[in-house]
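One structure is given below, encoded as structure tokens.
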Amino acid sequence: MTPPRWLDDDEQAAWRSYLFATQALQASLDRQLSRDAGMPHSVYLVLAMLSEAPERTLSMGVLAEMVRASPSRMSHAVAKLETQGWVTRARRPDNARVVVATLTDAGFEQLVEVAPLHVEHVRQSLFDRLTPQQVQQLREIFDAVGEPLRDEECPPPECPGAVEAGPGAADRAG
């Protein structure tokens, strides 16, 4: 058996900083969206992903993959959004086995109303604290970490999250 490759002091400090910052940022985003819009960040993310998709529509499987949710959790979340009139579900006409979620005009209006508050919070909590070079480094670091993990989990082209969504009116802060 190969001995464990323990983290050195710098790696341990970086790992702990990453864990604290990402957990604290997620909690802060949830608090802001709950206070300002009565929704958690996970719901905002569903609305944002749908807003950026062609015809504001995605299959439930693709949507679940994009927001990192299980199919059952996504189904439950979308059912709640349906009761608010923000999303509809239907079987795809060309393949009745596939259920699609579509952002309604009311859901889009809700997103457009909330997006400026959310993007300002993202700016204040993250980007205003970084130099332009640090923003570029942050993107490069998370691309280097995230791409292999995405491929490990679901190799392209089978991975539904690999589908590119078109530009939308959402703040792209996610």
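Quick note: the coordinates plus some simple rules give every number you see, no bench work behind them. What you see is a predicted model; the values in this text were computed from it and never measured. With ideal geometry, Cβ positions are generated from the backbone for all residues, glycine too; neighbour counts draw on all protein chains shown.
Looking only at segment 85-122, which residues are within 17 Å of residue 41 (Cβ to Cβ) and without any contact (Cβ under 8 Å) to a residue 40 or more places away in the chain?
Within segment 85-122, 86, 120 meet the criteria.
Among the listed residues 11, 52, 65, which satisfies the condition of being surrounded by fewer than 17 Cβ atoms within 10 Å (Cβ to Cβ) and among the charged types (D, E, K, R)?
11
Which count do you get for residues in segment 75-116 that are assigned to a loop (DSSP other than H, G, I, E, B), surrounded by 12 or more Cβ atoms within 10 Å (Cβ to Cβ) and of a type outside the set (A, V, I, L, M, F, W, C)?
Total satisfying the criteria: 3.
So, restricting to helices (runs of 4 or more DSSP H) that lie completely within segment 5-74, which ones have at least 3 residues that are of a type in the set (Ser, Thr, Tyr)?
In segment 5-74, the matching helices (runs of 4 or more DSSP H) lie at 9-37, 41-52.
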